[in-house]
Amino acid sequence: MNKITEKSGIYWLWLSVVVFGVDLFTKYLVVKSFALYESISILPIFNLTYVRNMGAAFSFLADHSGWQKYFFISLAVIISTVLIVLLSKNRYSQKLSNSAYALIIGGALANGVDRLYNGYVIDFLDFYWDIYHYPVFNIADIGIVVGAGLLILESFLDGKKKKKSD
């Protein structure tokens with residue numbers, strides 16, 4: 001066996017570190033450069049807009065008394081721990097699932113740290129069409145969504161492999 005086939009999926013945590021670092025750095029830049037709710041038009045369908053999200057995706061649970069902060073931090077830690085365990089059990093060569101897990105870990109922990117430090121998550125990527133705005137989001141959210149998408153893609157690809165082998 002060569003060295004690459006002996007590695008576990010833990011190797012892919014470098015991707016978590018990248019998502020984590022880029023997310024927190026971009027949030028820092030936004031906070032230092034923008035006033036709250038300030039918006040700068042970049043493209044006809046895209047603004048940089050500084051907002052604070054007390055909830056989760058689509059401001060889920062944002063209007064509650066504060067308990068959701070600890071709930072979402074705990075959820076980020078639990079999900080990341082489970083995914084790290086899965087990474088450690090995966091082979092290095094399982095690139096799709098390993099990269100998916102790593103993206104989700106990086107995003108979840110970055111938003112968790114943001115929530116722990118600030119009490120909310122900083123969002124700033126604002127896409128829209130005419131009067132329709134997609135909820136403002138951040139780099140960590142991109143990591144989580146792309147990771148989830150890769151897991152869905154992998155499930156379809158595995159289903160096709162199983163059909164071919166039957």
Work out from phi, with θ = phi - 60° and the Karplus expression 6.51 cos²θ - 1.76 cosθ + 1.60, the ³J(HN,Hα) of each residue of the stretch 113-125, listed in order in whole Hz, and give x for Gly and Pro. 5, 4, 5, 5, 6, 9, x, 7, 10, 8, 10, 7, 8
Considering amide H positions built from the backbone, and no H for Pro or chain starts, which residues 5 or more places from Tyr50, or on another chain, come under 5 Å of its amide H? Tyr37, Glu38
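Could you order the peptides 18-24, 116-122, 87-93 from most to least packed, using the average number of other C-beta atoms within 10 Å per residue? It would help to have the intermediate numbers written out before the result.
Details: 18-24: 19.7, 116-122: 17.0, 87-93: 14.9.
So the peptides 18-24, 116-122, 87-93, ranked by packing, come out 18-24, 116-122, 87-93.
Would you mind telling me the share, in percent, of accessible area of the stretch 64-146 contributed by carbon and sulfur at probe 1.4 angstrom? If you can, show how the numbers build up before the last one.
Numbers: 3030 of 4340 Å².
Carbon-and-sulfur percentage of accessible area, whole number: 70.
The values are calculated or read from the model by the stated rules, or taken from the named source; none is laboratory data. Source: prediction; values computed, not measured. Positions of Cβ are backbone-derived with ideal geometry, glycine not excepted, and every protein chain shown enters the neighbour counts. The accessibility values were calculated without ligands, DNA or RNA, using every heavy atom of the protein model including side chains. Shrake-Rupley method; radii C 1.70, N 1.55, O 1.52, S 1.80 Å.
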